[in-house]
Amino acid sequence: MEPHNSSATLALIWAHSDAIMKAVAIVLFLMSIATWSIFVSKALSLRRHHRYAQQVDGFWHTTDIGHGLTHLGSDSHNPFYVTALEGHEAMQHLTQVNAPQLHDSMDLSDWVERALKKSIDDHSARAHSGLAVLASVASTAPFIGLFGTVWGIYHALMGIGAAGQVGIDQVAGPIGEALIMTALGLLVAIPAVLGYNALLRGNKALSHQLMRFAHDLHAYFVTGARVRRSSQSITTD
């Protein structure tokens, strides 16, 4: 027996499918491209951000905030650098402002906290962009594939009934080809589910690190010292 050629089988299915079956296949193909594009892009970005997180410890061993910002680099996509810069600029605004403004009535702690929170919220929005697409693909791709299967089976049975062919060999071929659409839907949905969960876990871990960094920055800008954590007590540097 000749080995089964899956490419030839898919080509045969495509040649014998109608416009709706082809549209379903194209939609699943586009969903797969979107899934892998978003996952690879977000995974590379998350990996880069975790490298940035490793620089935080060195930030606290610099002599002043200027050297600390230099240590973090100047990449506008570095959430740790952006958060530190936002907090520093907020502190300078209140301590060096010449003309009083309406928002200058806020004290230093509230103003710095607001700036840090804004930076964290901006990063969170960027980090979660695209995840809704993965969630949508994961939830809809199986049903789109199932719709293609149902449509294919319906037309296969209609063709068999019109031709008067009721043999198992005449039924198994068209129905088996239609069932491939369900398999394609699952092949699109499973990577979307796994990618969504992996990115969600990675973003959660990174957000935790960023929140701790922002908390330490807030303490530094307000009190002049970073909060030092220990298993027995909490003191300041």
* Asked: If the chain between ARG126 and ILE20 were fully stretched, how many nm would it gain, using 0.36 nm times the residue separation less the Cα-Cα distance?
  -> 34.6 nm
* Computed FRET efficiency, Cβ-Cβ of GLN92 and ALA43, R0 22 Å: what is it to the nearest 0.05? -> 0.05
* Structure fact -> The FRET efficiency for LYS204 and ALA135, from their Cβ-Cβ distance with R0 = 22 Å and rounded to 0.05, is 0.90
* To do: Work out the FRET efficiency for LEU186 and HIS215 from their Cβ-Cβ distance, taking R0 = 41 Å, and round it to the nearest 0.05.
  => 0.40
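No lab work stands behind these numbers, since they all come straight from the coordinates. Please read all numbers here as calculations on a predicted model, not as lab measurements. Every residue, glycine as well, gets a Cβ built from its backbone with ideal geometry; the counts of neighbours run over all protein chains shown.
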